[in-house]
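**Student:** Structure below; questions to follow.
The values are calculated or read from the model by the stated rules, or taken from the named source; none is laboratory data. None of the values given here were measured: they were computed from a predicted structure. Ideal geometry is used to build each Cβ from the backbone, glycine not excepted, and the neighbour counts take in all protein chains shown. Only protein heavy atoms, including side chains, enter the accessible area calculation; ligands, DNA and RNA are left aside. Shrake-Rupley method; radii C 1.70, N 1.55, O 1.52, S 1.80 Å.
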Amino acid sequence: MLIKKYTIQKSLQERKLYSTKVWLGDQLQPATVSFKNGSITAIDLEKHPDAKDLGNAVLMPGVIDVHVHINEPGRTEWEGFETGTQAAAAGGTTTIIDMPLNASPVTTNLKAFQEKLEASKGKLNTNVGFYAGLIPGNAPHLEALIQAGVVGVKCFLTHSGIDEFPNVTEKDLDEAMPIIAKYNLPLLAHCELYDTEMDCDFDNNPTSYQHYLASRPKKWENDAIDLMIRMCRKHQCPMHIVHVASAEALIKIEMAKKEGLPITAETCTQYIYFNAEEIPDGQTIYKCAPPIRERANNDQLKQAFVTGVLDFLTTDHSPAPPTIKELESGNLRKAWGGIAGIQFLLTASWTALKGTMPLEHFIPLLTSKPAHFIKANKKGTIAVGMDADFVIWNPETKNTITEADLFFRYKISPYISQTLCGEVLETIVNGETVYQHKSIQNKNKGQWLLQK
């Protein structure tokens, strides 16, 4: 009883943090940030004597990852909210948005969404929002899902890998986009489109990464993005292109934005950190769709953040049990696709981009820009009245990742053995320290992020 009382009293105390590098007013500057009961209460451009001194560590809003697969309920053994959100917090992420597929049932009707909410209770170590799924025939369910609080709707233009989440056609888009546009929510699209599979002899070379790369060409992405731009123009429905991997599509996105269409686009850490030329054959941990492409292509993706053609970064964290990753056979044809990387959005992305842009240009790609995308009006910036979600980190420190560092369920990731720039010192979710000293300090401090 005494312990419980102490915990309550402690949570009500105002906490003050000082750093010479606080992300404030779109710049890093000295400041003391005070917060209490999950909200920022004061900001002062001087050091308070009772503030904890963080030195030169960067104090910035918590990272927001708007593209992850948690796989609960139904495929919880693949990841689950407990381990997935712990891994996110260990990487400095304080808010994630969960995709509607890979759970079972898939989130394509209100009952399934309620099952997902129920499954997540008591397991949120970060804030979690949710997308609804668009599949053939479920457009009549979208309005109920939107009113229940999803932050967007996701569709595939090619097979998703999950039979109960089939891809949509233009007819399905015509039916659904006016409903989504009515609520001014984004329709997120996995953009690959084709009539027949590529004849590149992949069947006879199933362990060859170059053959896998040839099996999913840039043209598939380019054609799908052409379709979605046309549909965006037709319905004026906010359109978001997930995981852009083809640099050839960047000019299409740029022109659509100049036209004034409500279109946004992301790419993922793996598409700018890794390069096809360096991926060994038989290493199924690198398999994702679209595939990681060549260095010259990926350098153009990096520049697209400088020009604003790409809006923000995500991980597309997509874990799977070792049994379906074909780790022993190295068979890229058969292996489940998807990269486990929820823990490395901040550090691996910074490692990839620090030669392209200064830290001041990088921070919004993980904070204010994704917050704006999901209309999380109290997240993504440090200001009085905003949510007290923070990451404290040192961008200069280098660490080589080991299996022991991983917090997600399976220690399977291409980031193992990579030397990354940046060390997360502390992650604060709703004013409570969740990650510090390389361990989870306080569990279940996250909340649902529902769009109401």
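**Student:** Please compute the modelled spin-label separation between Asn442 and Trp336, points set 7 Å along Cα→Cβ, answer in nm with one decimal.
**Tutor:** 3.4
**Student:** Ranked highest first by the average count of other Cβ atoms within 10 Å around their residues, in what order do 98-107, 248-257 fall?
**Tutor:** 98-107, 248-257
**Student:** Okay, moving on. Quick check: convex hull of the Cα atoms in segment 363-405, volume per residue, rounded to a whole Å³?
**Tutor:** Working: hull volume 5.0 nm³, N = 43.
Expressed per residue, the convex hull around the Cα atoms of segment 363-405 is 116 Å³.
**Student:** Moving to a separate point now. Which entries of Lys116/Lys325; Lys257/Lys369; Lys257/Lys302; Lys411/Lys438 have Cα-Cα distances beyond 21 Å here?
**Tutor:** Lys116/Lys325
**Student:** With a 1.4 Å probe and every protein chain left in place, tell me how much accessible area Glu259 has, in Å² to the nearest 10.
**Tutor:** My reading of the accessible area for Glu259 is about 100 Å².
**Student:** In percent, how large is the relative contact order of the chain, given Cα pairs closer than 8 Å and 6 or more residues apart? Can you show the working numbers first?
**Tutor:** Numbers: 1085 pairs, mean separation 93.0, N = 452.
Relative contact order, the chain: 21 percent.
**Student:** To continue, here is another question. In Å², and per residue, what accessible area does the chain have when probed at 1.4 Å with the other protein chains present?
**Tutor:** Values: 17550 Å² over 452 residues.
On a per-residue basis, 39 Å².
**Student:** To continue, here is another question. What nm distance separates the two modelled labels at Ser104 and Lys171, each placed 7 Å from Cα along Cα→Cβ?
**Tutor:** Going from the Ser104 label point to the Lys171 one covers 2.9 nm.
**Student:** Counting helices only, and only those DSSP H runs with n ≥ 4, report the 222 nm mean residue ellipticity of the chain as the sum of -39,500 (n - 2.57) divided by its residues, in deg cm²/dmol to the nearest 500. It would help to have the intermediate numbers written out before the result.
**Tutor:** Numbers: 13 runs with 126 residues, N = 452.
Helix-only estimate at 222 nm: -8000 deg cm²/dmol.
**Student:** Could you check how much of the accessible area of the chain is carbon and sulfur, as a whole percent, using a 1.4 Å probe?
**Tutor:** Numbers: 8740 of 17550 Å².
Carbon with sulfur: 50 percent of the solvent-accessible area.
**Student:** Can I ask one more? For segment 284-343, rounded, prolate or oblate, judged on the Cα gyration tensor with a ≥ b ≥ c (square roots of eigenvalues), a/c < 1.5 rounded, else prolate if a/b > b/c? All intermediate terms of the calculation are to be shown ahead of the outcome.
**Tutor:** Working: a/c = 3.88, a/b = 2.05, b/c = 1.89.
Prolate is the answer for segment 284-343, as a/c is 1.5 or above and a/b outweighs b/c.
**Student:** Percent of Cα-Cα pairs per 5 Å bin, from 0 to the last occupied bin, for segment 167-236, please list those.
**Tutor:** With 5 Å bins starting at 0, P(r) equals 3, 14, 22, 18, 13, 10, 9, 7, 4, 1.
**Student:** Can you give the convex hull volume per residue for the Cα atoms of segment 20-79, as a whole number of Å³? Could the numbers behind the result be given before it?
**Tutor:** On the way: hull volume 8.9 nm³, N = 60.
For segment 20-79, the hull spanned by Cα atoms encloses 148 Å³ per residue.
**Student:** Here is a follow-up. Could you tell me the largest-minus-smallest coordinate of the C-alpha atoms of segment 2-137 on each of the three principal axes, in descending order and whole angstroms?
**Tutor:** Here the spans come out as 59, 43, 23 Å, largest first.
**Student:** For segment 18-89, what is the relative contact order in percent, using Cα pairs closer than 8 Å and at least 6 residues apart in sequence?
**Tutor:** Details: 92 pairs, mean separation 19.2, N = 72.
It comes to 27 percent, rounded to a whole number.
**Student:** Once fully extended, how much extra length lies between Glu14 and Glu278, figured as 0.36 nm per residue of separation less the alpha-carbon to alpha-carbon distance?
**Tutor:** 90.1 nm
**Student:** Let me ask something else about it. For the pair Gln27/Lys354, report the inter-label distance in nm, with labels modelled 7 Å from Cα in the Cβ direction.
**Tutor:** With each label point 7 Å from Cα toward Cβ, the separation is 2.3 nm.
**Student:** Taking 0.36 nm per intervening residue step and subtracting the Cα-Cα distance, what contour gain separates Lys234 from Asn184 on full extension?
**Tutor:** Numbers: separation 50, 0.36 × 50 = 18.00 nm, distance 1.48 nm.
My answer for the length gained is 16.5 nm.
**Student:** Hey, of [x] -0.62, -0.77; [y] -0.55, -0.68; [z] -0.69, -0.83, which did the structure itself give for log10 I(q)/I(0) by the Debye sum over Cα atoms at q = 0.09, 0.10 Å⁻¹ when calculated?
**Tutor:** [y]
**Student:** Using the Cβ atoms and a cut-off under 10 Å, what net charge is assigned to the surroundings of His211, where Lys and Arg are +1 and Asp and Glu are -1? Please list the in-between numbers first.
**Tutor:** On the way: positive: Arg333; negative: Asp201, Asp203, Asp281.
With Lys, Arg at +1 and Asp, Glu at -1, the net is -2.
**Student:** I'd like to know how segment 97-224 sits against the 2.2 N^0.38 Å rule of thumb: what's its Cα Rg over that expected value? All intermediate terms of the calculation are to be shown ahead of the outcome.
**Tutor:** Working: Rg = 16.8 Å, N = 128, 2.2 N^0.38 = 13.9 Å.
Dividing the Cα radius of gyration by 2.2 N^0.38 Å gives 1.21.
**Student:** Pairs Lys21/Lys182; Lys354/Lys452; Lys47/Lys379; Lys16/Lys398; Lys252/Lys287; Lys111/Lys258: which are spaced more than 31 Å apart, C-alpha to C-alpha? Spell out each step's value before the answer.
**Tutor:** Values: Lys21/Lys182 42 Å; Lys354/Lys452 37 Å; Lys47/Lys379 24 Å; Lys16/Lys398 28 Å; Lys252/Lys287 26 Å; Lys111/Lys258 40 Å.
Distance filter (> 31 Å) returns Lys21/Lys182; Lys354/Lys452; Lys111/Lys258.
**Student:** Suppose we keep just the alpha-carbon trace of segment 91-140; what are its Rg and Dmax in angstrom?
**Tutor:** Cα only, segment 91-140: 12.0, 39 Å (Rg, Dmax).
**Student:** Residues of segment 61-92 with backbone nitrogen within less than 19 Å of a virtual label 7 Å along the Cα-to-Cβ line of Leu117, please, listed as ranges.
**Tutor:** Label zone hits: 70-74, 81-82.
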